[in-house]
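Undergrad: Here you go, one structure.
The values are calculated or read from the model by the stated rules, or taken from the named source; none is laboratory data. The shown structure was predicted, so the numbers you read here are calculated from the model rather than taken from an experiment. Here Cβ is always computed from backbone atoms with ideal geometry, including for glycine, and neighbour counts include all displayed protein chains. Note: accessible area is taken over every heavy atom of the protein model, side chains too, but ligands, DNA and RNA are not part of it. Shrake-Rupley method; radii C 1.70, N 1.55, O 1.52, S 1.80 Å.
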Amino acid sequence: MSTPASAATTPAATSTPVVKVSGLDVDFAVDDVWTPAVKKLSYEIRSGEVLALVGESGSGKSVSSMSILGLLPRNARVNGSIEFNGTELLGLRSAQLREYRGKEIAVIFQEPMTALNPVFTVGSQIVETLRIHYGISPSEAKTRAIELLTLVEMPDPQKAFDSYPHQLSGGQRQRAMIAQSISCDPKLLIADEPTTALDVTVQAEILDLIRDLAGKLGSAVLLITHDMGVVADLADRIVVMKQGVAVETGSVRDVFAAPQHEYTQTLLDAVPRLGQAGDVVIDLTETLESVVEQENQDTSVQVGETLLHTDVVQTLGPAVLEFKDVVIEYPGRGRVKAFRAIDGVDLTVHEGEVVGLVGESGSGKSTLGRAAIGLLPITSGGLEVTGVDLSKPTRSLVRQVHQNAGIVFQDPSSSLNPRMTIGQSIGEPLLLGKGMKGRELEREVENLLEAVRLPTAYSTRFPHELSGGQKQRIGIARALALRPKLLIADEPTSALDVSVQATVLELLKDLQREFAFACLFVTHDLAVIDVLADRIAVLHHGHLAEVGTRDQILRDPQDPYTQRLIAAVPLPDPDVQRERRELRRQILAAGSDE
């Protein structure tokens, strides 16, 4: 068995490539016609180097990477050359490729819940990998598995070893999958969108982990992503792909400083840049430096205490949504105790105002958003929505609220009925809420499609015929059908590519100006809410940690949790990101000393 990764030294990138891809073509047979997915792709990755394959969905990133391991479906045809440590992989039989899979070449997948077996413990899955490739005893494999879980900085390695995947958080599951991936000290680590499903702070931790492991293992890393901030944080070189073609290649610093291809420039321009929105550009590095300087002072906050920035200009209109000391609990079942998701929240959204509700998974954001539209009852406190008291909701009260409040969900594919046409989906609220029928209904549906910048002919299409961004526009049109006073937007852009995300955010800005609705925008991404929000409320474990204007929260964050959120957001600039990464480590180190 090779030397444990934790004992390895940090090598520099070597001159001999670990993997060399030359003239790679991948085609798929669709209706007896060969359709190209990747065309003449070439790149090399050396030991200790991170190469990023960047592009939007359908660009060929994952297809080209899975061809390395021969994991494409049967209707795929692959030509060209893929050399791994001098050995040609294309043309090898499945039995021969199995010698490389897991041991020499490992994959970190985007969603660990689908990659890990839900009926086996995390430890047993790592043990199985070790025993298959090394033939060691169960006790030796267990010892090594716990070493690996320790190496990936799992909070409680022994507990994680005995846990099932569903018993771990998203970040912990990703760490478990990384532990399994590196169990055989692979020479090539393929990271396929490894942070897309993670909160910004967990994402930063995973990126730090992959960066450190690449050094300790001396592995070549192939990073597949559409997030240019992640590329700036982690990669050494970059290959930009569009519709299966590599349109630009170079060092990350050169490509970010002076992109040569128009598509690369489009991707970089589409990235929401924290601190760049609004009239005042905020220097976030300066913000973090001031935070580090203040760490020597006593900035501790009592649990449940909300930091309110008191110098907010009081020019706000009447309240459209008001939470007063709201508590929301999920009832216990059997031995499972009741869980308090929201604890004593006071928050008001005013007429025409956009309030960003920010926090990590489990902070209670979506719970609060769903309560605001009557989809969840509150346990105690007061809740008033568009003039209706929902403290003790009834079916008639909720129906009354839905006349004046709409919601846009995170996943447009699951929120639209696949059996209904687009016109029927948009028109349903008008039919049920206003009794519209016939030509009057058709005209209003057409008006709403035009409002979200879609052709009126789309009314006869079904959801599966539209792209993700188009489906989200339909979700927005449906939510605005009754001209609501309040819109709840629950992570409406997190499932979208960066350029589509930018388009949807710009659309929401335009619609908010046009329809003048109040909006509670729920997200874990401060860079996204920076584009839209008048005020920002930071939610942490069911408590409001901090509330203030956009500039107050980003320029002068007072709560340590807000400071950590801002520090974790990657910026699409390699030099600035390197400086911010060091400041983040100082903030985290100071926090751990308290």
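Undergrad: If exposed trypsin sites (Lys or Arg not before Pro) are those in a DSSP loop with at most 16 other Cβ within 10 Å, what is the longest stretch of the chain that has none?
TA: Result, exposed sites excluded: 99-334.
Undergrad: Moving on. At 1.4 Å probe radius, can you tell me the per residue accessible area of region 499-578 in Å²? Provide the component values of the computation, followed by the final result.
TA: Values: 2280 Å² over 80 residues.
On a per-residue basis, region 499-578 sits at 28 Å².
Undergrad: Taking only protein heavy atoms into account and a 1.4 Å probe, give the accessible area per residue of region 313-434 in Å².
TA: Heavy-atom accessible area per residue stands at 51 Å².
Undergrad: Just going by the charge dipole of the chain, with Lys and Arg at +1 and Asp and Glu at -1 on Cβ, which of Thr201, Leu571, Ile474 is farthest out on the positive end?
TA: Ile474
Undergrad: Can you tell me the orientation of helix 122-134 relative to the chain, as the angle in degrees between its alpha-carbon axis and the longest Cα principal axis, to the nearest 10?
TA: 20
Undergrad: Leaving ligands, DNA and RNA out of it, report the carbon-plus-sulfur percent of the accessible area of region 375-480 at a 1.4 Å probe.
TA: Working: 2620 of 5460 Å².
It is 48 percent, rounded to a whole number.
Undergrad: Through the Karplus equation 6.51 cos²θ - 1.76 cosθ + 1.60, θ set to phi - 60°, convert the phi angles of region 385-395 into ³J(HN,Hα) values in whole Hz; use x for Gly and Pro.
TA: Going residue by residue, I get 10, 6, x, 9, 7, 9, 4, 10, x, 10, 4 Hz, with x marking Gly and Pro.
Undergrad: By how many nm would the segment from Ser42 to Ile132 grow when fully extended, if each residue of separation counts as 0.36 nm and the alpha-carbon distance is taken off?
TA: Stretched fully, the Ser42-Ile132 segment lengthens by 29.1 nm.
Undergrad: Here's another thing I want to ask about it. Given charges of +1 on the Cβ of Lys and Arg and -1 on the Cβ of Asp and Glu, with all other atoms neutral, how large is the dipole of region 394-474 about its Cα centre, in debye to the nearest 20?
TA: Its charge dipole is roughly 180 debye.
Undergrad: Now for a different question. Count the lysine pairs in region 348-494 whose Cα atoms lie under 27 Å apart, taking only pairs 8 or more positions apart in sequence or on different chains.
TA: 10
Undergrad: A further question follows. What are the residues whose amide H is under 5 Å from the amide H of Gly344, where those residues sit 5 or more places off or on another chain and H is modelled from the backbone?
TA: Val326, Val327, Ile328
Undergrad: Another one. Provide, for region 39-197, the number of lysine pairs with alpha carbons under 15 Å apart, each pair being eight or more places apart or on different chains.
TA: 4
Undergrad: Express in nm, to one decimal, how much length is gained between Ala516 and Thr114 on full extension, taking 0.36 nm for each residue of separation and deducting their alpha carbon distance.
TA: Residue separation times 0.36 nm, minus the Cα-Cα distance, leaves 140.6 nm.
Undergrad: Now for a different question. Antiparallel DSSP bridges in region 451-594: what percent, to the nearest 5?
TA: Looking only at bridges with both residues in region 451-594, the antiparallel portion is about 55 percent.
Undergrad: Still on this structure: Rounded to whole Hz and in sequence order, give me ³J(HN,Hα) for region 462-475 from the Karplus expression 6.51 cos²θ - 1.76 cosθ + 1.60, θ = phi - 60°, writing x for Gly and Pro.
TA: Rounded to whole hertz, the list is 9, x, 5, 8, 10, 6, x, x, 5, 5, 5, 5, 5, x.
Undergrad: While we're looking at this one, here's another question. Could you give the nm distance between label points at Arg578 and His464, where each point is 7 Å from its Cα heading toward the beta carbon?
TA: Distance between the two pseudo-spin positions: 4.9 nm.
Undergrad: If you don't mind, another one. Separation of region 149-171 and region 320-366 by C-alpha centroid, Å?
TA: Using only Cα atoms, the two centres lie 28 Å from each other.
Undergrad: Need one number: % antiparallel among DSSP beta bridges in the chain, to the nearest 5.
TA: Approximately 55 percent, going by the DSSP bridge assignments.
Undergrad: Taking 0.36 nm per intervening residue step and subtracting the Cα-Cα distance, what contour gain separates Thr394 from Ala319 on full extension?
TA: 24.8 nm
Undergrad: For region 1-157, restrict the atom set to alpha-carbon positions and state the Rg and Dmax in Å.
TA: Radius of gyration, then largest Cα-Cα span, for region 1-157: 18.0, 53 Å.
Undergrad: Over region 485-572, what percent of the accessible surface lies on carbon and sulfur atoms, probe 1.4 Å?
TA: Within region 485-572, the accessible surface is 47 percent carbon and sulfur.
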